[in-house]
Each structure stands twice: as C-alpha cells, then as structure tokens.
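The values are calculated or read from the model by the stated rules, or taken from the named source; none is laboratory data. Predicted model only: the values in this text are computed from it and were never measured. Note: ideal-geometry Cβ built from the backbone for every residue, glycine included; neighbour counts use all protein chains shown.
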Amino acid sequence: MQKGAENIEFTEITPQADIAADRHGARAKCLQRLVRMDLPLPRTVALSFDAVRRIAQGTLPDVAALMSVFGAAPLVSVRPSSENQDWGGPASILNIGMNDSRHAALCATHGETAANALYLRFIQAYAVHVARLDPDMFEPEAPSRDALRAALDAYAEETDDPFPQDPGRQLLEVLRSMARAWEGTTARLLRQAKGAPAEAGLGMLVQAMVLGVGPGESGSGVIQFVDSVTGQRRIVGRYLSQSQGRDAISAREGALFLTRDPRGAALEDRCPDLVARLRRYGDTCRLNLREEMRIDFTIEAGRLWVLDALRVPRSARGAVRMAVMLADEGIIPREEALCRIEPRAVSELLHSQVDPTGPRHVIAHGIAASPGAATGRLVFGSAAAQASAARGEPCILVRRETTPEDIRGMHAAAGVMTERGGMTSHAAVIARGLGVPCVVGISDMRLNRRDGVLITAGGHKLHEGDIVTLDGTSGQVLLGPVKMLEPALDDAFQALMGWAEAACDIGVRANADTPADAQTARRFGAEGIGLCRTEHMFFEADRLTVMHEMIFADRAQDRASVLARLLPMQRADFKRLFEIMQGLPVCIRLFDPPLHEFLPQSREGVRDLAEALGMPVSDVQRRVQALSEFNPMLGMRGVRLGITIPEIYDMQARAIFEATIEASRQGDPVVPEIMIPLVSAMREVELVKTRIDSLAAAVRTERGVDFDYRLGVMVETPRAALRAGDIVQHAAFLSFGTNDLTQMTYGLSRDDAGRFMGSYVKQGVFAEDPFHILDAEGVGELLRIGAERGREARPGVTLSICGEHGGNAESIAFCRAAGFDYVSCSPFRVPVARLAAAQLALGEQVHADRAGPDGQPLAFRS
Ligand code: PEP
Ligand code: MG
C-alpha cells in the first residue's frame, strides 16, 4: 500500500465478483453482465459508493495497487456509475497515464498524430474537470505538436505547476475530483430533479484504455438497434476512424454509417465481420439484459472491443414501443412492460410535443395547465381566433383570463394562454377537456389589448399575427415555430392500454360535457362519465344567448318560457351522451355556474345581449350590476341556485328522464346518475330530492314507461365532507369535487392562486400546487372523513373523485387506499389514469407475491 493511503477497496469486474447495482452502480453491474456474456471488455475495476464517498471526504486510495491491475505502463479511463443511469454523473475521463515519456513511446509505436491526440485529449479533460480551468482555453482542436505544446503551456501558466507526469497522481486527482463533483450542490440538485434520493451514491469504474487511434483500422463508435424516437427496430449510430469516446456522434464529417447505407460509406463495407459481431452482441444484450441497449465500442488495430452499454435513451413514444415489443417477444412479461412506462409519458403520446432535442427560445413561463404543444399566430380575442380558424391558420389565443364567451375562441385556437389563473381556472379546465395545449398564470407577461401588444418580462413586444409556440407540457411560451413530435396513438399504445385495463382495479371515468368529449372518453377506454358539467352545454353561441335570457329573466313566467326552449336542447344533449356511452354510467351534474361566468364582461358583450333581449343597453347594465356578486365562486352557485330558482333543476331532471326513456328505447338500457353540486347541508339534498322524485313520477306517468335513476351528491364543501353521514341518507353516491374542496379548505381562490403559487412552492410553503397534486394531508383528511362517515351511514354508497386531481397517479393511489370505486378525469387524462392505476394494482400484487428469489418488484428485476 502507498504511504498515507488507506484501505479503500476496489473490485475487478469478473463473472463471479461481488458487484451490485445498489453498491457499485448500474453501469458497474451492467459491465459485469457483459463480461458474463463473454463480450470482449477491457479489464475494469469498480469502486463502491462507500469507497467514492470516503475519497470525497479525503481518504486516499492506494492508486499504485489500483494501477497495478492494469500492467506495467497502464493507460486507463474513469467513468461514473450511479445507481440509476438517468441520474447522470461527472464526465468520463480518458487516457489517464499519458505523460511526456508515454507520448514519446507512442509516437514510435502509433505515430505522432495518434500520440498527440491521446495526450491532448487527456490534458484538456484534466484541465477542465480536475484542475477546473477555463474551458475556453482548452477547446478541442486538431492534434498537432503545436496544439499539444500550447495546452501544456496554458496548463502550467494557469496553475503555476507543470502538467502532472506521475500516472498514480493523475489517477488520484481524477478520482478525487469526480467524487467531490458528485457531492457538490449543483450535481445534487440536478439528480434530485431527476428523482434521485438526496443520499444517492456514486460508484466509479477504472477501465484499461483501448486506443481508437493508431495503426490499422482503429476508431470508436456507438450502435443501438432501435430508433430512440419511434422505438422501431433499426440500426442507428456512427463510427469514426482514429477517434475515441463519442467522437463519432459529434463529428461534423468523416463518420461512417454502421450498416450499408445509400447516404454514404459504412463500417460494414470496410469491416463486415465486425459489424456482424456487433449485431450478435446487440441480440445477446437484448435477450439477457431484457432491454434495448446502446453499445459503445472501439476498434483497436482491427480488434473489436465493447467498452460500455447503456439503456437506449428514448422518447415517450419510443419507450412504449420498446416495452411492448419486448413483451410481445416474450423477453419481459406484460406486467413489466406496463410498469416500465411513466404514466406522464402517456400524456405526451396523446398530443404534439416540442421536440426535446431542438433549440427553444423561451419568452415567458406560466403554469402548465393542459399538455401538448402548438404553434400559431397570436390573437388577442375570441372573434380573431374564430376568423383565423376560418382562414385555416392555426392561432394561439391570449386572454387575461377566459370566460364562457371565449369558449368558441378556445375551440378555434390551437393553444390558449392566460395572464391569470391556476390549474383549475376556467381556461385550464376547458382546455384540458378540449385537449388544447394551455398555459395559465403567465405573470411575466402583460396583455395590452388597447394597443394590441403583448409585452414579456424580457422586453419582447409581440403583436397579433406574430408566431409563437405554446408548450402546455412545460408551461413555456417560445418565440417562433419549433420542431414538433406528432401524437402517437399507434398499435403499441393501444396494446399497452389494453394490458392496463386488464390490470386496473379501480374504475376510471371521464369528465365529459359534450358528445365530442364523450367520444374521446370512449376512445380512451373510460368506463363511463363521472361528471357532465351541464352549464358547459350552453357555451355554443345560440345557447349562450338563451342562457343569458334565463339568467336575466326576473319574473317566473319569463323564466318558464325560456326553460321551455331549453328543455328540448337539454333532452337532445343527454340523449346523445347516453347513446355514445351505450349503457355505461353517465353522471350528470345539475347546473353549477358561478353567475359571473355567464354575465357579459365587455361592452360588445353587453350590446350583443341587449340586442338579443330587445332591451336597452342601460337596462342590461343595471341587471348585470344587480346580479354581480363580490365573490361569485362562493355566491349563488350550485344547489343554492337550484333551491332559489327550482324550475331550472326541474327542467334538467325532466330532460334527463325523457332522454333516458328515448335512449333506452333504441339502445342499451340507461340508468342516469343525477348529481347535486355545492351541497353543504342535508336539507338542501332533501329539498332537491323531493322535487326530482316527484318529477320522475310525473314523467313515468305521462310516458307510461318505467325507468331507474340514481341521485347523488357532490361533496365539495368542507361541511359536506364533515356531515357526509347525514347527507348520504339521501344519496346513492358521493363524488368528491376536489377543485372546490381544495379552494375552500385552503381558503384559496382557484382563479387567483396562479399569481403567487410559483413563489409559494419555490419557498416550500406548499410542497406542490394543491390544485395540481391532491393535498393528501388536509384535503385528503376531509376525503377520508367524508368517505368513512358516508360508508358508515350507508354501507353500499358509491364513492368517487371528480376534481381535476382524478387523473394524477398520487390521487389515484390515495383513492385506492381509501376504498373509492372510481376516479373521473378529463378524457385526455383517462389513459394516464388507467396506466397509473394498473401500475398501482400490479405494484401491490408484485409486492404481495414477492415476485422473484431476489424479492425485488417485477419492474426492477433484471
Ligand atoms: C370540483 O369542484 O372539483 C369540480 C369537479 O367541479 P367544478 O370544477 O366544475 O367546480
Ligand atoms: Mg366544483
């Protein structure tokens, strides 16, 4: 052992060596598997997490002993090996051991250019990553003697020391700097952002160099057997003669294709046997590692070496196809294929996405409220959005916030962005329902409609007609058009969804208000409609006017005449939904409009309404004022409207029953579910139930047809959750509306929270936006109390959640644990919810079965 060195253990990677991913890292374990498969690997030594941690703390490894593994005058590389490849690590360093005398020897054996290249590469990497010198002074350049001299001089000048010549010291410094880099704050934050635990360890690998430079065919390359973006099987990669590391990938010219290719020269033309061997190695890796791998290889004087193999990096679409193909070929079980896909990734497949490999010029940020991306011309109003759609020009609608008057504009737009609002604001809820990309709460932009300009925090002034790209997945607004990835609802996606359905043990329904929503819901496999917000049925132009008339009617007979016009419209709406859902449950929520959403906001809106109602503008203005509430979200909403003006709910109940009879006559029998919103007291339910029951009796008598229906309550006020035991006496089901429940539990406005939510989350006041991720502690406690008290008083009661949280994996886990029957979410989130639910169900099964001899869950066994 060297003087001063302590006992830091290292293990040579052999088939029998004691190497484990949770002690030496995933790369070390993978290399051992390659060795076991007899792939030609250079000699490699692994340092454990513990060893690296001690090196970072100042313990000196016995580098002489370490170097001696590699013979008399070794050249080695050091690579990081974290437990999970995705957590990254410090950059690999090649050619450790290069010094003046080795350079002279290599000039004789490999030629001066090769010797210069090896030495220069090492000096550059050492200067930047170990001595931490300015990278600009050590840019890669052609390996001439002058460049080498200049690099050595620059090093000496910057450090006041000559470049270290002792290979042992070089290795020691490399190990120490990589170990410390892993402990640094930036590296820690970066890996935590990728899901690594705070205490994640780093292993290191010291590997004998095989030189990709020198005589004969020498070079390096990278090969993979699937396309990272599509997941389709094809050979992808490049090879570059006289190169090392990943040079072949970054080379501007001279790189060869691997297999014969009409686009240019290929390694297969030059070394067909080696390419055939690489193909065989690929097959062996796939079968034994049960994964699509990317192999780093080097050819040294005509001899092929495998240096490393990593999971192929992949897009969401690629990940789905790769997992499905491995399962179809029996290489992994279907359950494992299901568990390999992140539910969030599925949402990327349903929408266009900004290509993550392309450049992006971000000009504003907000809350990512509806996923997917769209490029279009800016429009600042709904009329302009509709005009743009009529011209066939995609547009991005910008509003301070949206109201029902904007619905048509939102339908017409390719994307929607708002200055205000949070995850459950009007724009967010509607956009998710429509599947339109949306970013809300963009507080770093100002829309000045009068001057027709949108000003960003960075000083960009954008006008109507300027092109932007809205990324609703990341919450960014980008300048100009960018490269996109198209949605991928292909056969692989369908197969995966089918397997998910078989594994799910909690129901997944959709929140759907229109026939188009219902069709999307069915296409994505929803088991019913969990929430039909009936007020959304009135956003079409002709209907909005009738709706306005109803809200403005202050005499019973005027209201009756408007309701008589609404009845057939609603009946047709419900009948269509029942037909599309073909006997699956449809839960219709009685009217719940915060009135301000239906009052005209602009001067033109007031004028249009005056025209429609045949009233003077001043009268309309007076009425708008009379109906205005200080806090409409807590005002005459939901059941409060239903009790104050009961004819509205009467009309809706009649429409539902008549539609039930008509739809059941032609198709599957329908048992509608009617839900009362914003309940806070049992008496509210009693009053509404009495009227609805008597209406059902009247319709049965009039039509001479019997039918069933279920009446339930939407639990979305804290009081309703606490009093669920009373309320449930009149309710066959309780559906928790977590949007309002979150709003009221926190005393936080759904529409205004976006203004400070970012700062709250950043400062750790809230771990997450509670409108986005269910607050399991506070709101969750109310859900648990409501469910327990409801179930105790009425054991068979159906329990569900229908707020926007319904599609999140975290909320689904919560609902399963609390024994809920189903979750309901916007149609585009149904596949995400089904996959998350399947994974939860499988996770439990796998855990219960103790899947393998190693006791590891199925998804992580290999
Ligand atoms: C809720 O409050 O959770 C809900 C689903 O209803 P809305 O978003 O329509 O208020
Ligand atoms: Mg609500």
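Within the stretch 525-565, can you find the residues that are part of a loop (DSSP other than H, G, I, E, B), in contact with a helix residue (DSSP H, G or I) (Cβ under 6 Å, 6 or more places away or on another chain) and free of Cβ contacts under 8 Å to residues at least 24 places away in the same chain?
The one that is part of a loop (DSSP other than H, G, I, E, B), in contact with a helix residue (DSSP H, G or I) (Cβ under 6 Å, 6 or more places away or on another chain) and free of Cβ contacts under 8 Å to residues at least 24 places away in the same chain: 553.
Would it be correct to say that residue 28 is at pLDDT below 95 and either hydrophobic (A, V, I, L, M, F, W, C) or within 36 Å of the chain's Cα centre (by Cα) (or both)?
no
Regarding the stretch 371-384, can at least one residue be identified that is under 23 Å from residue 769 (Cβ atoms), surrounded by 23 or more Cβ atoms within 10 Å (Cβ to Cβ) and within 16 Å of ligand 1 (Cβ to nearest atom)?
no
Can you work out which of the residues in the stretch 698-729 that are over 22 Å from residue 670 (Cβ atoms) and not aliphatic (A, V, I, L, M) is surrounded by the most Cβ atoms within 10 Å (Cβ to Cβ)?
Let us first name the residues in the stretch 698-729 that are over 22 Å from residue 670 (Cβ atoms), namely 715-729.
Filter again for not aliphatic (A, V, I, L, M), leaving 716-719, 723, 725-726, 729.
Values: 716: 25, 717: 23, 718: 18, 719: 14, 723: 20, 725: 17, 726: 17, 729: 13.
So the residue we want is 716.
Among the residues of the stretch 30-57, write down those that are under 15 Å from residue 70 (Cβ atoms) and out of contact with any Ser or Thr (no Cβ under 6 Å at 6 or more places or on another chain).
41, 42, 43, 44, 45, 47
Would you call residue 486 within 23 Å of residue 393 (Cβ to Cβ) and in contact with a strand residue (DSSP E or B) (Cβ under 7 Å, 6 or more places away or on another chain)?
On the way: within 23 Å of residue 393 (Cβ to Cβ): yes; in contact with a strand residue (DSSP E or B) (Cβ under 7 Å, 6 or more places away or on another chain): no.
Against the criterion (within 23 Å of residue 393 (Cβ to Cβ) and in contact with a strand residue (DSSP E or B) (Cβ under 7 Å, 6 or more places away or on another chain)), residue 486 does not qualify.
Of the numbered conditions (1) within 16 Å of ligand 1 (Cβ to nearest atom); (2) touching a residue at least 12 places away in the same chain (Cβ under 8 Å); (3) farther than 26 Å from residue 731 by Cβ, residue 631 satisfies every one except a single condition; which is it?
Every condition holds for residue 631 apart from (2).
Of all residues in the stretch 447-482, how many are modelled with pLDDT under 90 and basic (Lys, Arg)?
2
Return the pair list, or none, for Cβ contacts closer than 7 Å from residues in the stretch 704-725 that are under 30 Å from residue 778 (Cα atoms) and away from ligand 2 (no atom under 16 Å from the Cβ) to residues that are part of a helix (DSSP H, G or I) and of a type in the set (A, V, I, L, M), at least 6 apart or on different chains.
711/692; 722/785; 723/682; 725/793
Please verify whether the stretch 685-692 includes one or more residues that are within 15 Å of ligand 1 (Cβ to nearest atom), under 41 Å from the mean Cα position of the chain (by Cα), under 23 Å from residue 786 (Cβ atoms) and at pLDDT 95 or above.
no
If I ask for residues that are more than 16 Å from ligand 2 (Cβ to nearest atom), loosely packed, with under 13 Cβ neighbours inside 10 Å and of a type outside the set (D, E, K, R), which ones from the stretch 581-639 would you list?
Selection gives 582, 602, 614, 616, 618, 625, 626, 628, 630.
One line per residue, one yes/no per condition, for (1) closer than 29 Å to residue 372 by Cα; (2) of a type in the set (Lys, Arg); (3) not in a loop (DSSP other than H, G, I, E, B):
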{"position": "279", "(1), (2), (3)": "no, yes, yes"}
{"position": "284", "(1), (2), (3)": "no, no, yes"}
{"position": "299", "(1), (2), (3)": "no, no, yes"}
{"position": "306", "(1), (2), (3)": "no, no, yes"}
{"position": "335", "(1), (2), (3)": "yes, no, yes"}
{"position": "344", "(1), (2), (3)": "yes, yes, yes"}
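In the set 326, 274, 304, which member is in contact with a helix residue (DSSP H, G or I) (Cβ under 6 Å, 6 or more places away or on another chain) and at pLDDT 95 or above?
From the options 326, 274, 304, the qualifying one is 304.
Are any of the residues in the stretch 674-692 touching a Cys at 6+ places or on another chain (Cβ under 6 Å) and either more than 16 Å from ligand 2 (Cβ to nearest atom) or not basic (Lys, Arg) (or both)?
Looking for residues that are touching a Cys at 6+ places or on another chain (Cβ under 6 Å) and either more than 16 Å from ligand 2 (Cβ to nearest atom) or not basic (Lys, Arg) (or both), one finds at least one in the stretch 674-692, hence yes.
Have a look at 777, 781 and point out the one that is surrounded by fewer than 20 Cβ atoms within 10 Å (Cβ to Cβ), free of Cβ contacts under 8 Å to residues at least 40 places away in the same chain and closer than 19 Å to residue 822 by Cα.
Checking each option against the conditions leaves just 781.
Only one of 340, 317, 321, 277 is over 27 Å from residue 194 (Cβ atoms), touching a residue at least 24 places away in the same chain (Cβ under 8 Å) and surrounded by 16 or more Cβ atoms within 10 Å (Cβ to Cβ). Can you tell me which?
After ruling out the rest, the residue left standing is 277.
Looking at the stretch 709-762 only, could you name the residues that are in a loop (DSSP other than H, G, I, E, B) and either more than 12 Å from ligand 1 (Cβ to nearest atom) or more than 32 Å from the chain's Cα centre (by Cα) (or both)?
Within the stretch 709-762, 709, 723, 731, 732, 747, 748, 749, 752, 753 qualify.
If the requirement is being out of contact with any Lys or Arg (no Cβ under 7 Å at 6 or more places or on another chain) and modelled with pLDDT under 90, which of these qualifies: 640, 607?
607
Pairs under 9 Å by beta carbon, first residue on the phi > 0 side of the Ramachandran plot and assigned to a loop (DSSP other than H, G, I, E, B) in the stretch 802-829, partner away from ligand 1 (no atom under 16 Å from the Cβ) and not hydroxyl-bearing (Ser, Thr, Tyr), six or more apart or different chains?
819/791
Restricting to the stretch 389-401, give me the number of residues that are over 30 Å from the mean Cα position of the chain (by Cα) and either touching a residue at least 24 places away in the same chain (Cβ under 8 Å) or in a helix (DSSP H, G or I) (or both).
Of the residues in the stretch 389-401, 1 are over 30 Å from the mean Cα position of the chain (by Cα) and either touching a residue at least 24 places away in the same chain (Cβ under 8 Å) or in a helix (DSSP H, G or I) (or both).
Restricting the search to the stretch 72-90, which residues are modelled with pLDDT under 90, in contact with a strand residue (DSSP E or B) (Cβ under 9 Å, 6 or more places away or on another chain) and of a type in the set (Gly, Ala, Ser)?
Answer for the stretch 72-90, where residues must be modelled with pLDDT under 90, in contact with a strand residue (DSSP E or B) (Cβ under 9 Å, 6 or more places away or on another chain) and of a type in the set (Gly, Ala, Ser): 88, 89.
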